Amino acid sequence: MSRSAKYAAPSLRPLLPRHIDPSRIKAPRTKPPPAVPFFRDPEHTIPTKWSLYRPLLRFARGSLGDETAYPSVGREVKRLWKSRRSWTSVPQVRTFLQGQYDILSAFQDNNISELDELEARLANNHRLHDDRVATKAALEAAKPRRPRPRIVGFLRPTLFNPPLPRLKPQPPALGAMIHARLRRRERRMERRKEYASLRPDMKLEVAFWKNVLGREGEHLTDNTLSPGGWDQLLREEVEAMDARFVKENKRADMVYDEAMYERIESAKKARSEWWTKKKAELKAERLARKSQ
């Protein structure tokens, strides 16, 4: 026996009890591939589209002119198929398709009475729906529109907005901008506190390992991804946050330019004159009613 065969490594097999025959142990079965859902199976989608949906639209358009056309049926078919294309329940889809096949059978059998009744019922439903939509649109159009914003004063500069004219009513976009900047500043302050607390911990840990390893282990504490030091990335992030804070402080210190200042003052003056004139008119009306 050769030396290599004498010292060959033992086979790493599990130790089984004596009453178990290794030959009778079945190999583990592989996991079957995931099943394809029916709504993505081409054997379902292709026949449903080309043997049911398209024939329904073709029959609804009519082949002999307007006499054989059923526009309300075609409109209802498009609406139903569009609203139910996200269904994934087998019983619901089966019930819906069975109803569509019944309509297709009526077309194929040329069941005029059933189709005329269906067309009349759907036409009435569509007319009522169109009337409701038209009434709702008319009511929306009759509602008073949002008044045009007018200048009423100065919107002082803050951390979140530059000097602007105060508008009444205030545009929603302006309020949304101030709210978004406020939330971003809060998140930035929390993130800066976290980063600032991590830097001393990292520096202490690196200093500890340098003292433990000595000069021989200095290369182990070098960060090749950050040549400026272990805290270089955090320092850059903190500096970027501080730059944003400085930008906000500069925004709060901005002043109105001459053109905007004159525009706001003229608007305030015009508004004051309008109110003076309006009060005089109201006073004259009250005196006229008293004299009568």
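Compactness check for the stretch 153-199: Cα Rg over 2.2 N^0.38 Å is 1.55.
What's the longest uninterrupted piece of the chain once you rule out the trypsin sites (Lys or Arg not before Pro) that are loop residues per DSSP with at most 11 other Cβ within 10 Å?
Working: sites that count: R18, K26, R29, R85, R145.
Looking at the chain, 146-292 is the longest stretch - no exposed trypsin sites (Lys or Arg not before Pro) with at most 11 other Cβ atoms within 10 Å.
Result for the chain in a Gaussian network model with C-alpha springs under 10 Å: among P149, P171, P22, the largest mean-square fluctuation is at P22.
First obtain the Kirkwood hydrodynamic radius of the stretch 148-272 from its Cα pairs, then insert it into the Stokes-Einstein equation at 10 °C and 1.306 mPa s, and state the resulting D in µm² per second as a whole number.
Numbers: Rh = 18.6 Å.
Rounded to a whole number, D works out at 86 µm²/s.
For the stretch 88-155, applying the loop criterion from DSSP together with a ceiling of 12 other beta carbons within 10 Å to the chymotrypsin sites (Phe, Trp or Tyr not before Pro) yields no site.
The alpha-carbon positions of the stretch 37-140 define a convex hull whose volume is 122 Å³ per residue.
Here the stretch 148-272 is treated with +1 on each Lys and Arg Cβ and -1 on each Asp and Glu Cβ, and its dipole about the Cα centre works out to around 1300 debye.
Here's the picture: charge each Lys and Arg Cβ at +1 and each Asp and Glu Cβ at -1 in the chain, and of V36, L182, V90 the one pushed furthest to the positive end of that dipole is L182. In this Cβ point-charge picture (+1 for Lys and Arg, -1 for Asp and Glu), the chain has a dipole of about 1180 debye about its Cα centre. Value of Rg to Rh for the chain, rounded to two decimals, is 1.27; Kirkwood radius and Rg both from alpha-carbon coordinates.
FYI, it's all coordinate maths here, none of it is from the lab. Remember, it's a predicted structure, so these values are computed and weren't measured experimentally. Quick reminder, even Gly has a Cβ in these numbers, built from the backbone with ideal geometry, and neighbours come from all protein chains shown.
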